[in-house]
Amino acid sequence: MSDIPQLKLDKSKLKLVNGVEDSVADEIAYWRKATVKERLQHIERLRRLNYGIRATGRLQRVIQVVECE
């Protein structure tokens, strides 16, 4: 995970919102400002958090031959 920057919490950027609508609007604005590279890095970080060591492995391809009669 060395190619993905570590997350750092900037407490000066935190703010309280009154409702879900405000929060969603802020989140949409944040991701629209992010570069494609930043978005992909975040997706990769979430994937590795969810799948752990299995995230670095490749998917196994399986082929099954079925005889038709």
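Data table
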{"read-out": "Folded to 0 to 90 degrees: helix 36-51 orientation relative to the chain principal axis, Cα", "value": "60 degrees"}
{"read-out": "Proximal aspartates and glutamates to K13, defined as alpha-carbon separation beneath 17 angstrom and excluding residues fewer than eight positions away on the same chain", "value": "D22, D26, E27"}
{"read-out": "Under 14 Å, Cβ to Cβ, from G19 - net charge with Lys/Arg +1 and Asp/Glu -1", "value": "-3"}
{"read-out": "Cβ-based charge dipole, the chain, positive-most Cα from L14, Q64, A25", "value": "L14"}
{"read-out": "Virtual spin-label span in nm between N18 and I53, 7 Å along Cα→Cβ", "value": "5.1 nm"}
{"read-out": "Straight-distance crosslink candidates among aspartates and glutamates, where the alpha carbon sits under 12 Å from K37 and sequence neighbours closer than 8 are dropped", "value": "D3"}
{"read-out": "Angle between the chain longest axis and helix 20-33 axis [Cα atoms, degrees, rounded to 10]", "value": "70 degrees"}
{"read-out": "Dimensionless Rg/Rh of the chain - Kirkwood Rh, Rg from C-alpha atoms", "value": "1.23"}
{"read-out": "Proximal aspartates and glutamates relative to K11, as straight alpha-carbon distance under 12 Å, when same-chain residues fewer than 8 apart are discounted", "value": "none"}
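The numbers here are math on the coordinates, done by the rules we state, and not lab data. Because the structure is a prediction, the values reported are computed rather than measured. Here Cβ is always computed from backbone atoms with ideal geometry, including for glycine, and neighbour counts include all displayed protein chains.
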